[in-house]
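> Okay, here's the structure, questions in a sec.
Every number in this text was worked out from the coordinates using simple rules, so none of it is lab data. If you're wondering where the values come from, they're calculated on a predicted model, not measured in any experiment. Here the Cβ positions follow ideal geometry from the backbone for every residue, glycine too, while neighbour counts run over all protein chains shown.
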Amino acid sequence: MQLVPSVIDLSIYLVGWVIGWLLLWRPRPIPAVGAGDVREAIAVVIPARDEAAALPHLIPPLVAQLRNGDQLVVVDDHSTDGTGDVAASLGATVVVPPELPAGWLGKPHACSIGAGATTAPHLLFLDADVRPAPDLLDRVGTELAAHPDSVVSVQPWHATGRWTEQASILCNITALMGCGAFTAAGDRVTPTVAFGPVLAVDRSTYDAVGGHAHPDVRAMHTEDIGLARTVGRGCLFTGAPDTSFRMYPDGLAQTIRGWTRSIATGARFTTWWLALATLLWVWSLAGGWLASPLLYPLSALQVWVLGRRAASVHPLTALLFPIAVAAFVVIFVRSLFAVVFGRQVAWKGRTVAAR
């Protein structure tokens with residue numbers, strides 16, 4: 001390790017470092033609702049399997065936002081922890097789907113059943129671990145009215161807790177980078193993915209493409225990407241500062257399993273140049289400080305700033321960013337291996353093909 005980097009080493013590092021800023025140039029919160037904005041009724045569909053602990057953080061804020069004609073449905077996907085009882089006690093309508101048909105995965109099947117059990121002209125699918133903004137329904141409804149032929153999607157801000165969640169911060173950052181919606185190029189980049197935790201679509205558009213029953217959606221564990229690609233248009237937003245989630249609160253094993261399901265598949269459907277640019281940024285983090293310790297503070301600063309655009313980041317996480325880089329590489333390689341070789345990934349009592 002040399003103290004002063006060579007011109008070549010410094011140039012390579014700076015290219016990757018600058019690319020990182022350009023890929024996550026600016027967060028884009030979903031716009032606030034204006035005084036004259038109106039929205040149509042929304043059917044909120046929450047697919048839930050063993051989510052009794054999460055629903056009390058989600059349902060009461062949603063109930064407070066409901067307007068005439070809105071519907072709130074929890075699809076209790078054969079839970080074993082009393083999810084349905086909790087949801088009903090909090091004011092949601094509970095639907096229990098039939099047994100999982102052949103050729104379907106659990107979440108897209110639950111979403112399809114929930115959509116079929118509602119009639120409102122707009123559909124909003126929410127993961128159970130989301131903690132919504134107090135006006136999320138109005139803001140989503142206003143965006144759908146402006147973009148009825150698009151998927152409107154929000155990636156919540158990750159409220160991390162345990163050190164294992166902090167260590168996976170690069171997964172959150174690269175998810176925002178790879179979607180292409182938050183680059184310095186702005187609207188000139190067309191997103192090719194969506195975010196499953198908060199995903200909304202006009203019902204007529206949903207029905208026209210076959211919804212979650214579409215063959216390219218119903219068998220995908222990243223059904224959000226499948227639906228976005230089927231619709232063909234997307235409006236993506238970041239959740240900070242008021243729509244968040246707690247992704248994997250149960251520790252290291254859950255964190256690894258959760259990211260393994262999705263990260264390589266997300267990369268597979270990312271535009272090639274965005275994937276390459278993201279790889280170059282991670283490369284600069286991994287190798288820059290090894291080429292010269294003088295570059296270490298630059299990367300630590302960047303992880304701190306960009307990380308806070310995606311999640312809550314402890315200062316020690318930024319200072320010890322090589323640990324986060326190592327965690328990202330392990331998770332990505334594990335996920336890539338599962339995708340390439342068609343491995344099964346266990347999730348909530350079911351096995352899911354990573355491919």
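> So which helices of the chain fit the span-like rule, where a helix is a whole DSSP H run, its Cα atoms reach 20 Å or more along the axis, and its mean Kyte-Doolittle is at least 0.5? Walk me through the numbers on the way to the answer.
Numbers: long enough: 7-23 (24 Å, 1.95); 252-268 (24 Å, -0.20); 272-291 (27 Å, 1.37); 296-310 (21 Å, 0.39); 321-340 (28 Å, 2.48).
Span-like helices here: 7-23, 272-291, 321-340.
> Let me ask another. Can you give the helix-only mean residue ellipticity at 222 nm for the chain, where every DSSP H stretch with n ≥ 4 adds -39500 (n - 2.57) and the sum goes over all residues, rounded to the nearest 500 deg cm²/dmol?
On the way: 14 runs with 164 residues, N = 355.
Theoretical 222 nm ellipticity from helices: -14000 deg cm²/dmol.
> Follow-up question, since we're still on this one. With a bin width of 5 angstrom, please list the P(r) values of the stretch 51-96 as percents of all Cα-Cα pairs, from the 0 bin to the one holding the largest distance.
Answer for the stretch 51-96: a P(r) of 5, 24, 35, 21, 10, 4, 1 percent.
> Here is a further query. Using per-residue counts of other Cβ atoms within 10 Å, averaged over each peptide, order 58-66, 156-164 from highest down.
156-164, 58-66
> Given springs between every Cα pair under 10 Å in a Gaussian network model of the chain, which of Asp149, Asp187, Asp135 has the largest fluctuation?
Asp187
> Could you please report the charge total around Arg39, scoring K, R as +1 and D, E as -1 over all other residues with beta-carbon less than 10 angstrom from its beta-carbon?
Working: positive: Arg67, Arg139; negative: Asp37, Glu40, Asp70, Asp138, Glu143.
Residues near Arg39 contribute -3 overall.
> Can you give the relative contact order of the chain as a percent, counting alpha carbon pairs under 8 Å and 6+ residues apart?
Working: 703 pairs, mean separation 82.0, N = 355.
For the chain, the relative contact order is 23 percent.
> Right, next: Count charges around Gly234 for me, please; just the other residues with Cβ under 15 Å from its Cβ, Lys/Arg as +1, Asp/Glu as -1.
-2
> Jot down the radius of gyration and Dmax of the chain, Cα atoms only, both in angstrom.
20.3, 67
> With the cut-off at 1.5 for a/c, could you classify the stretch 240-328 from its C-alpha gyration tensor as rounded, prolate or oblate? Numbers along the way, then the final one.
Values: a/c = 1.64, a/b = 1.22, b/c = 1.34.
Oblate, because a/c is 1.5 or more while a/b does not exceed b/c.
> May I pose another question? Rounded, prolate or oblate for the stretch 236-281? Axes are the square roots of the Cα gyration tensor eigenvalues, ordered a ≥ b ≥ c, and the cut-off for rounded is a/c under 1.5.
Numbers: a/c = 2.52, a/b = 1.32, b/c = 1.91.
It comes out oblate by the Cα gyration axes.
> Rounded to whole Å, give me the distance from the Cα center of the stretch 13-59 to that of the stretch 253-271.
Here the answer is 18 Å between Cα centres.
> Connecting C-alpha atoms closer than 10 Å in a GNM of the chain, tell me which of Ala167, Ala35, Ala43 has the biggest fluctuation.
Looking only at Ala167, Ala35, Ala43, the largest GNM fluctuation is found for Ala35.
> Now for a different question. If you take every DSSP beta bridge fully contained in the chain, what fraction is antiparallel? Give it as a percent rounded to 5. Don't skip to the end; give the middle numbers.
Numbers: 15 of 37 bridges.
Here the share of antiparallel DSSP bridges comes out near 40 percent.
> Right, here's the next one. First select every other residue whose beta carbon is under 13 angstrom from the beta carbon of Leu24; then total the charges, Lys and Arg +1, Asp and Glu -1. Kindly include the intermediate steps, with their values, before the conclusion.
On the way: positive: Arg26, Arg28, Arg308, Arg309; negative: none.
Net of charged neighbours comes to +4.
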